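Before any comments, here is the structure.
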Amino acid sequence: MPRHVVVRTASPKLRVIIGISAALAAITWLIFGQTLAHQFVTYDDPQYVYANPNVSAGLSLTGISWAFTHTTAGNWHPLTTISHMLDCQLYGLNATGHHFTNVLLHMITVILLFLLLRHMTGNLWRSGFVAALFAIHPLHVESVAWISERKDVLSALFFMLTLGTYVRYVRRHSLTAYLLSLLFFALGLMSKPMLVTVPFVLLLLDYWPLERFGVARLAERMVRQPRTSRQPPTVTRLIIEKIPYFALSALFSVVTLLTQFHSTGIMDHLPFAWRLNNAAVSYVAYIWQMFWPTRLAAVYPHPNDQLPIWQVVLAIAFLIGISLLAIHLRNRRYIFTGWFWYAGMLVPVIGLLEAGEQARADRYTYLPQIGLYVLITWGVTDLMTLIMTRKSVATNPNPITRGSRGVRRDGTQGRGYKLFCVAIAAAIIIVLGELAFVQTSYWKIARCFGTTPSRSRVTTTSRIII
């Protein structure tokens, strides 16, 4: 009898996922691949890498011990320091290798973000678009093109791994996944302590898209599921579940504050009112820069008490108004999660606790603005779906169905809607990509390698709590 050979091929959905992942990797390297021709810059690179003998000597047990027992530029992030040591071990003081690691870490994080969102929401194309925004937004250039900001891309990688293993724990009820999530969280905190807000992000994900609490959702599940099935956790249980995460956050917050105080001797040399006013305006400024990413800078000088009172009042009113609106529209759960993801993750770096003189920094938007990308992407597509549905009802008596992936109906209008969405998304990506490419090129100009420059005002002001 002839033997039949069964050839397994990837499913169409899997091929699309692989294709989107490849496209995300391609645009990431298209924008940031130019950094492989860049050198070190004078902004903190001497302290972090080439003028630090403990780092430039490469990886060793003595160096690893030093990374855990000493600070760099007033910050304690041993895993980031060890990653710099590993680069020096592999590439020496050839900046190309150090830049390659930054871009590689960013690319992996971009793909993990796409896979995570798709797994949580089930929506392929929206997840891909959010990941594309994260990959190429000009505000993220500083995090990728600046070797000293290895802590951003490294902590972001562990952030995605933390969320991914947490989602697996939720879906599979796996203790191993829960412990892995805690491990990745600890590693992320040792890369950059800005991740102290992760427990709050996990609670937001419990609300949406995991939908683990809420009276309405609980009632739905109790109706659909048999009595013997696992019941949804209560809000109290969800909070108790996060206690180990909160404990790690508290521990690393204390370590960071003590380290910063020991390094600088001061924590709040600016009056609290000045810092509070600047924080409110910075929240709004980051949103404006997300939509209009021009005139970006390595340092934004602190305005001290020079902010016009009307700007502060309008900024505070805007923040309160959006927060109340997000609560009011909590039935659209992505609005609540997206907005408070942004507002919450910025708290450690918004300037309420500050040791430098900068008003804000592009790098601080790296992870927080993912929440806004999700809010806008899901919100705009839902709004377009609603408009198209109403328009179709008014112009055509044929039945129309409205689903999570857009308007679905027979005829050319459905295809036209999809093509319109693709065209808009492509235009946004092209524009942001062009701006990011130009912004990345600026990091090649101000460079100085082979000397140990004195600490300039730029380097000094870049030292802040996180």
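The values are calculated or read from the model by the stated rules, or taken from the named source; none is laboratory data. In this text, all values refer to a predicted model and were calculated from it rather than measured experimentally. Positions of Cβ are generated from backbone atoms using ideal geometry, with glycine treated the same way; all protein chains shown enter the neighbour counts.
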In this structure, is R415 within 21 Å of L124 (Cα to Cα), in a helix (DSSP H, G or I), modelled with pLDDT of 70 or more and basic (K, R)?
yes
Hey, does the stretch 94-101 have a residue that's closer than 30 Å to V16 by Cα, surrounded by fewer than 22 Cβ atoms within 10 Å (Cβ to Cβ) and of a type in the set (A, V, I, L, M, F, W, C)?
yes
So, of the residues in the stretch 78-91 that are in contact with a Ser or Thr (Cβ under 6 Å, 6 or more places away or on another chain) and of a type outside the set (S, T, N, Q), which turns out to be surrounded by the fewest Cβ atoms within 10 Å (Cβ to Cβ)?
L79
Output yes when any residue across the stretch 104-120 is over 18 Å from I17 (Cα atoms), touching a Ser or Thr at 6+ places or on another chain (Cβ under 8 Å), part of a helix (DSSP H, G or I) and not charged (D, E, K, R), and no when none is.
yes
Qualifying residue in the stretch 279-287 (condition: surrounded by 18 or more Cβ atoms within 10 Å (Cβ to Cβ), more than 20 Å from the chain's Cα centre (by Cα) and modelled with pLDDT of 90 or more):
yes
Any residue at all in the stretch 33-44 that is crowded, with 20+ Cβ neighbours inside 10 Å, aromatic (F, W, Y) and part of a helix (DSSP H, G or I)?
no
Six or more apart or on different chains, Cβ under 9 Å: which pairs go from a residue in the stretch 295-322 that's at negative phi and of a type in the set (K, R) to one that's in a helix (DSSP H, G or I) and at pLDDT 95 or above? Could you list them?
none
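Yes or no, residue by residue, for (1) at pLDDT below 95; (2) among the small types (G, A, S); (3) surrounded by fewer than 20 Cβ atoms within 10 Å (Cβ to Cβ); (4) within 16 Å of the chain's Cα centre (by Cα):
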residue	(1), (2), (3), (4)
M107	no, no, no, yes
F134	no, no, no, yes
H137	no, no, no, yes
Y166	no, no, no, no
G188	no, yes, no, yes
Could you tell me whether A250 is part of a helix (DSSP H, G or I), surrounded by 15 or more Cβ atoms within 10 Å (Cβ to Cβ) and at pLDDT 95 or above?
no
Please work out which one of (1) on the phi < 0 side of the Ramachandran plot; (2) polar (S, T, N, Q); (3) in a loop (DSSP other than H, G, I, E, B) is the condition T377 fails and give its number.
(3)
Meets criteria (under 30 Å from S253 (Cβ atoms), of a type in the set (A, V, I, L, M, F, W, C), surrounded by 14 or more Cβ atoms within 10 Å (Cβ to Cβ) and modelled with pLDDT of 95 or more) for L324:
no
Does L367 count as assigned to a helix (DSSP H, G or I), within 30 Å of V201 (Cβ to Cβ) and modelled with pLDDT of 95 or more?
no
Given the conditions (1) modelled with pLDDT under 95; (2) part of a loop (DSSP other than H, G, I, E, B), and given that L14 satisfies all but one, which numbered condition is not satisfied?
(2)
Quick check on my filter: what residues within the stretch 344-364 are in a helix (DSSP H, G or I) and either of a type in the set (D, E, K, R) or buried (at least 20 other Cβ atoms within 10 Å of the Cβ) (or both)?
M345, P348, V349, D362, R363, Y364
Quick check: anything in the stretch 94-107 of a type in the set (G, A, S) and free of Cβ contacts under 8 Å to residues at least 40 places away in the same chain?
yes
Among the residues that make up the stretch 118-126, is at least one of them more than 30 Å from G74 (Cα to Cα), surrounded by fewer than 24 Cβ atoms within 10 Å (Cβ to Cβ) and hydroxyl-bearing (S, T, Y)?
yes
Whether any residue in the stretch 266-278 is within 30 Å of V431 (Cβ to Cβ) and either surrounded by 14 or more Cβ atoms within 10 Å (Cβ to Cβ) or of a type outside the set (V, I, T) (or both) is what I want to check.
yes
